[in-house]
Amino acid sequence: MAIQRTFSIIKPDATKRNLTGAINAKLEGAGLRIVAQKRIKLSKEQAGVFYAVHKERPFYDELCEFMSSEPIVVQVLEGENAILKNREVMGATNPEEAAEGTIRKEFALSIGENSVHGSDGEDTAAEEIAYFFSGLELVG
Ligand code: IDP
């Protein structure tokens, strides 16, 4: 498997509770290298653009409110099979269903406030990285 890049967010519930370092330790422990990282705050409109795919879902407004409520940390992770590896270390969307040792099992508060985002495929990874980072910020 070739080296891949994926996009990750440490969400407001986690930055608020000072969990950035603990989550990064989990990512690095899984063999993912953090090749770009910055702390930003989204407006509700920007959160809406990022999550546009969920526009018709009943939780869309709540999700956009939440994602713009506090700063987030956006990251690019690199490693072998990085997209799937990150999804594995994140755990299931609902922390009650997440496996032991995963970020969401350990840190998530609820199905909405679930501490991390990770791209779900190669196309979304490329789109999400390009949305948040310029080429100059991506140093391998
Ligand atoms: P994922 O983040 O595990 O890929 P998605 O189904 O793509 O999960 O949902 C995106 C985000 O929307 C979730 O991470 C979570 O923050 C939020 N979300 C998903 N389902 C619900 C729900 O039933 N209630 C509230 N928020 C939800």
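Any read-out appearing in this document is the output of simple, stated calculations on the displayed coordinates, not a laboratory observation. On a predicted model such as this, the values are computed, not experimentally measured, just so you know.
Measuring from centroid to centroid over Cα atoms, what is the spacing of the stretch 1-34 and the stretch 71-140 in Å? Here the two parts' Cα centres lie 7 Å apart.
One decimal place: the segment E62-D123 gains 19.4 nm when fully extended, by the rule 0.36 nm per residue minus the C-alpha distance.
Rounded, prolate or oblate: pick one for the stretch 3-134, where a ≥ b ≥ c are the square roots of the eigenvalues of its C-alpha gyration tensor, a/c under 1.5 means rounded, and failing that, prolate if a/b is larger than b/c, else oblate. Before the final figure, lay out each step's value.
Numbers: a/c = 1.42, a/b = 1.16, b/c = 1.23.
In terms of gyration-tensor shape, rounded.
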